[in-house]
1. Can you list residue pairs whose Cβ atoms sit under 6 Å apart, with the first residue in segment 73-94 being free of Cβ contacts under 8 Å to residues at least 60 places away in the same chain and the second being of a type in the set (Ser, Thr, Tyr) and surrounded by 12 or more Cβ atoms within 10 Å (Cβ to Cβ)? Count only pairs 6 or more apart in sequence or on different chains.
Amino acid sequence: MRIGELSKRTGVSPRSLRYYEDQGLLTSTRSNAGQRHYSDAAVQRVSLIRQLFDAGMSSRVIATVLPCVDIPGDLDVAEETFTAMMRERDRIDADIAHLIETREALDTLIRANSRHRAELSTASEPAAQST
């Protein structure tokens, strides 16, 4: 199938599909006129790539993980992929910890702002009542 059809079937723009190919995540063959042609399996491949991007992985990490899908019986590939996935999990854990810290800091500011607004509201009530 040509790039336009793959784009329609996956919901991924042709520009993104070309990017995936440039990054080594997706392959195509070329016609004599230079048009990209993809196999039917490319639909599943693009779906997997999207899932990995949605999980927060970079194209570099995805390129490290995909060989495990392509060569499932190779122990060296499986080990390299496992190591990459563990590094990625550690990165995600660190991001989560940072987000929790950020949320806690924001909660502190929200509580302080709520108290301040309550104080301002209470302080302005007598002035509003006396007019």
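The values are calculated or read from the model by the stated rules, or taken from the named source; none is laboratory data. Predicted model, so just to flag it, every value in this text is computed and none were measured. All Cβ positions, even for glycine, are placed from backbone atoms using ideal geometry, and neighbour counts span all protein chains on display.
1. Ala84/Thr64
Quick grid of which residues meet (1) at pLDDT below 90; (2) under 25 Å from Asp22 (Cβ atoms); (3) in contact with a His (Cβ under 8 Å, 6 or more places away or on another chain):
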{"residue": "Ala55", "(1), (2), (3)": "yes, yes, no"}
{"residue": "Asp70", "(1), (2), (3)": "yes, yes, no"}
{"residue": "Asp76", "(1), (2), (3)": "yes, no, no"}
{"residue": "Phe82", "(1), (2), (3)": "yes, no, no"}
{"residue": "Glu88", "(1), (2), (3)": "yes, yes, no"}
{"residue": "Ala94", "(1), (2), (3)": "no, no, no"}
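Residues checked against (1) touching a helix residue (DSSP H, G or I) at 6+ places or on another chain (Cβ under 9 Å); (2) under 22 Å from Asp95 (Cβ atoms):
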site	(1), (2)
Arg18	yes, no
Ser28	yes, no
Val43	yes, no
Ile62	yes, yes
Gly73	no, no
Asp76	no, no
Phe82	yes, yes
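Yes or no, residue by residue, for (1) over 19 Å from Arg2 (Cα atoms); (2) in contact with a Leu (Cβ under 9 Å, 6 or more places away or on another chain):
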site: Arg15; (1), (2): no, no
site: Leu25; (1), (2): no, yes
site: Arg30; (1), (2): no, no
site: Thr81; (1), (2): yes, yes
site: Thr102; (1), (2): yes, no
site: Leu109; (1), (2): yes, no
